[in-house]
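Structure record follows, encoded as structure tokens.
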Amino acid sequence: MEKKYFLTIILSFCMISLFMSCDKSTSLSPSDENSLYEYIAFDSSSTKVAKGWLLLNFEENVITGQWEIQAIGSPQNIGPQLGSGNLAGNCNSDSIWVDLQPNMQDNNLLLEGRLTDDDYSGTWIYISLTGPTNSGTFTARKIIL
């Protein structure tokens, strides 16, 4: 039980630090306010493990939105990045952080990466009760509607 509280405190501190460290003077252009991205996740050996979409809504430096992701094959231990739900995150000039399970304290999937005009790519990190459990990379390409 002591590990659970310790992990909760560490995760809470990390999230608060991340939100406080964002550059509030930088805001994204109006064309980036609502963007749909095609998402592909890879495991540590660069094998595709999941695909789907992310809808990112930018309001100043806060990100909200939705996601839907399906497994490719039978991937193991890729965390709660399968299914659908709401997301939340934050950004600065070109780096963004998104949590696919913002209401969970011990079963999170974080997407940390860089944002360009047409691309959001970086690392996915599965964080369980025991801490970082698995990770890989992802790419998310903006879909022009």
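The values are calculated or read from the model by the stated rules, or taken from the named source; none is laboratory data. Values in this document were obtained by computation on a predicted structure and should not be read as measured data. So basically every Cβ, Gly included, is an ideal-geometry build from the backbone, and we count neighbours across all protein chains shown.
So the values come out like this:
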| quantity | calculated |
| --- | --- |
| Enumeration of residues in region 88-145 that are among the hydroxyl-bearing types (S, T, Y) and within 18 Å of Y39 (Cβ to Cβ) | S95, T116, Y120, S121, T123, Y126, S135, T137, T139 |
| Qualifying residue in region 5-15 (condition: touching a Leu at 6+ places or on another chain (Cβ under 7 Å) and modelled with pLDDT of 75 or more) | no |
| Selected residue (only one of I63, I96, I72 is aliphatic (A, V, I, L, M) and in contact with a Lys or Arg (Cβ under 6 Å, 6 or more places away or on another chain)) | I72 |
| Strands (runs of 3 or more DSSP E) completely within region 32-122 that count 2 or more residues being among the hydroxyl-bearing types (S, T, Y) and in contact (Cβ under 8 Å) with a residue 40 or more places away in the chain | 34-42 |
| Single residue of region 123-145 satisfying the filter (of a type in the set (A, V, I, L, M, F, W, C) and in a strand (DSSP E or B)) that is farthest from I78 (Cα to Cα) | I143 |
| Positions within region 104-119 being under 10 Å from the mean Cα position of the chain (by Cα) and surrounded by 19 or more Cβ atoms within 10 Å (Cβ to Cβ), in sequence order | N108, L109, L110, L111, G113 |
